[in-house]
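J.: Starting off with a structure, shown below.
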Amino acid sequence: MVGVYVLKKGNFSVKMTNWGATIMSIVVPDSRGNLADVVLGKDTLAEYVNDTFYFGPLNGRVAQRMARGRFVLDGKVYHTYINDGRNAIHGGHRGFSKVIWTVKEYVGGGSSPHITMYYRSFDGEQGFPGDLDVYATYTLSSRYVLSIRTNATALNKATPVNFLQHVYFNLAGQGSGDVLGHTLQLLASRYTPMDEELLPSSGRVVPVAGTSYDFRTPTPIGARIHQVRGGKGVHGYDINYVVDGDGMRKVAAARDGASGRGFDLWANQPAMQLYTGNGLNNTKGKDGKVYGQYAGFCLETQAYPDAVNHPEFPSVTVRPGEVYKHDMVYRFSF
């Protein structure tokens with residue numbers, strides 16, 4: 001039931017598993033033609049099953065944190081599975097990252113290598129209302145371009161929906177040290193301040209100007225990382241940005257100067273979480289590598305976190321017959 005699937009176009013390849021719709025590796029050349037896997041992860045499927053760091057999966061039904069694991073929808077209170085202190089995160093302890101997806105279509109090579117996976121999320125799963133039909137398609141749409149298209153249709157009840165792909169990148173190659181020297185540009189002039197539980201409890205949206213969260217111009221990830229807190233007693237970024245503009249547009253760019261590898265990220269979501277691997281701590285990785293703090297960074301395009309409990313944020317409710325769509329495109333360069 002659980003397999004490994006490779007998409008390959010020339011010397012560009014992406015390896016996936018239908019356990020959690022997980023991206024296991026992305027191999028791209030550097031400026032000298034040297035190939036490296038730029039995604040953090042594990043060696044075996046068994047390790048992915050037991051993974052607690054979310055190395056590469058599609059998170060849902062409602063990704064990111066939800067205060068106290070509860071929300072009210074159409075006057076009814078729902079309680080979801082609490083798995084992050086007092087709160088829920090990434091859809092509960094058995095969210096979309098911890099289920100087997102059905103492979104509907106798989107073409108490993110040729111002009112348009114792609115894989116489409118399907119999951120039927122049932123009414124009451126992890127506490128969420130209604131049946132939800134979910135499709136995720138991963139395509140090498142052109143040379144060094146990975147496109148991810150997800151959609152979800154609510155079948156019989158209104159439900160909140162928010163997906164994100166939780167990929168940790170190190171453009172120098174996974175396990176090659178920290179990413180503090182990578183430059184990052186985020187096309188986001190506002191962010192949602194987080195409390196100690198990493199929830200946007202104030203509901204405020206404030207400018208990045210004059211703060212350590214300002215990546216509007218390309219800036220090393222490590223330039224101000226010790227001035228920000230990514231949770232209790234931890235320095236690092238774990239923060240939600242409100243992306244400028246709307247629709248499908250460029251939201252971020254990342255680059256490793258030494259290797260020349262980089263990518264532009266395009267997406268159609270209103271927000272994006274920057275996470276700098278603050279919780280990694282001599283964590284066993286792939287190929288004998290060990291991941292220390294800041295060994296990778298995540299750019300998670302998404303809805304606003306905890307939007308279910310903040311009417312001032314854009315709604316994440318999908319009603320029966322409506323379709324949630326979340327598209328991402330990674331354009332790699334070197």
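J.: Sorted by accessible area with a 1.4 angstrom probe, largest first, how do 24, 1 fall?
T.: 1, 24
J.: Identify all lysines with a Cα-Cα distance to residue 76 below 24 Å; exclude those on the same chain that are fewer than 8 residues away in sequence.
T.: 157
J.: Continuing with the same structure: Determine the dipole magnitude for the range 88-220: charges of +1 sit on the beta-carbon of Lys and Arg, -1 on that of Asp and Glu, nothing else is charged, the reference point is the Cα centre, and the result goes in debye to the nearest 20.
T.: Here the size comes out at about 360 debye.
J.: When all alpha-carbon pairs of the range 84-209 are counted, what percent fall beyond 23 Å?
T.: Considering the range 84-209, 56 percent of its Cα-Cα pairs are separated by more than 23 Å.
J.: To the nearest 20 debye, what charge dipole does the chain have about its Cα centre, counting +1 at the Cβ of each Lys and Arg and -1 at the Cβ of each Asp and Glu?
T.: My answer is approximately 320 debye.
J.: Continuing with the same structure: At what distance in angstrom do the alpha carbon centres of the range 250-271 and the range 3-46 lie from each other?
T.: 18
J.: Can you tell me the FRET efficiency between residue 141 and residue 118 if r is taken as the Cβ-Cβ distance and R0 is 22 Å, rounded to the nearest 0.05?
T.: According to the calculation, E is roughly 0.65.
J.: When only alpha-carbon atoms are used, what values of Rg and Dmax, in angstrom, describe the range 152-311?
T.: 16.0, 52
J.: Per residue of the range 42-54, what does 6.51 cos²θ - 1.76 cosθ + 1.60 with θ = phi - 60° give for ³J(HN,Hα)? Whole Hz please, x for Gly and Pro, Karplus curve as stated.
T.: 10, 7, 10, 4, 4, 5, 5, 4, 9, 5, 10, 9, 6
J.: Same structure again: Evaluate the distance, in nm, between pseudo-label points positioned 7 Å from the Cα of residue 250 and of residue 111 along their respective Cα→Cβ axes.
T.: 2.8
J.: OK, next. Excluding residue 245 itself, what net charge comes from residues whose Cβ is under 14 Å from its Cβ, given Lys and Arg +1 and Asp and Glu -1?
T.: +2
J.: Quote the relative contact order of the range 6-102 in percent (integer), defining contacts as alpha-carbon pairs under 8 Å separated by 6+ residues.
T.: Relative contact order comes out at 26 percent.
J.: Do you know the relative contact order of the range 180-280, to the nearest whole percent, from alpha carbon pairs under 8 angstrom that are 6+ apart?
T.: With pairs under 8 Å counted, the relative contact order is 31 percent.
J.: Just add up the charged neighbours of residue 48: K/R +1, D/E -1, any other residue whose Cβ is under 13 Å from the Cβ of residue 48.
T.: +2
J.: Taking +1 at the Cβ of each Lys and Arg and -1 at the Cβ of each Asp and Glu, which of 11, 230, 161 sits farthest along the dipole of the chain towards its positive end, judged by Cα position relative to the Cα centre?
T.: 11
J.: With unit charges on the beta carbons (Lys and Arg positive, Asp and Glu negative) and the dipole taken about the Cα centre of the range 1-133, which residue among 60, 103, 34 sits farthest to the positive side?
T.: Projecting each Cα onto the dipole axis, the largest value belongs to 60.
J.: In what sequence, largest accessible area first, do 104, 250, 157, 42 appear using a 1.4 Å probe?
T.: The ranking, largest first, comes out as 104, 157, 250, 42.
J.: Next question. So what J values fall out for the range 4-16 if you push phi through Karplus, 6.51 cos²θ - 1.76 cosθ + 1.60 with θ = phi - 60°, rounded to Hz, Gly and Pro as x?
T.: 10, 10, 10, 10, 9, 9, x, 9, 10, 9, 10, 10, 9
J.: Something else about it: I'd like the accessible area for residue 205, computed on protein heavy atoms only with a 1.4 Å probe and all protein chains in place. Round to 10 Å², please.
T.: Accessible area of residue 205: about 50 Å².
J.: Another one. Could you work out the local net charge near residue 109, counting Lys and Arg as +1, Asp and Glu as -1, over the other residues with Cβ closer than 13 Å to its Cβ?
T.: +2
J.: Then there's this: Taking just the alpha carbons, could you work out the radius of gyration and Dmax for the range 78-128, both in angstroms?
T.: Cα-based Rg and Dmax for the range 78-128 come out at 15.4, 48 Å.
J.: Along the Cα→Cβ direction, 7 angstrom out, place labels at residue 232 and residue 195. What is the inter-label distance in nm?
T.: 1.4
J.: Let me ask you something else. Per residue, how many Å² of accessible area does the range 75-153 show with a 1.4 Å probe?
T.: Result: 41 Å² per residue.
J.: 222 nm [θ] for the chain, helices only, -39500 (n - 2.57) per DSSP H run of 4+, per residue, to 500?
T.: -500 deg cm²/dmol
J.: Counting other Cβ atoms within 10 Å, keep those with at most 15, restrict to DSSP loop, and tell me which chymotrypsin sites (Phe, Trp or Tyr not before Pro) in the range 21-123 are left.
T.: For chymotrypsin sites (Phe, Trp or Tyr not before Pro) across the range 21-123 that sit outside H, G, I, E and B with at most 15 neighbouring Cβ atoms in 10 Å, the list reads 122.
J.: Of the listed peptides 292-302, 211-221, what is their order by residue-averaged count of other C-beta atoms within 10 Å, with the highest listed first?
T.: Descending mean neighbour count gives 292-302, 211-221.
J.: Next up: Provide the percentage of antiparallel DSSP beta bridges, counting only those with both residues in the range 197-272; round to the nearest 5.
T.: 100
The values are calculated or read from the model by the stated rules, or taken from the named source; none is laboratory data. Model, not experiment: these values are computed from the prediction. Every residue, glycine as well, gets a Cβ built from its backbone with ideal geometry; the counts of neighbours run over all protein chains shown. In case anyone asks, the SASA skips ligands and DNA or RNA and just uses the protein heavy atoms, side chains included. Shrake-Rupley method; radii C 1.70, N 1.55, O 1.52, S 1.80 Å.
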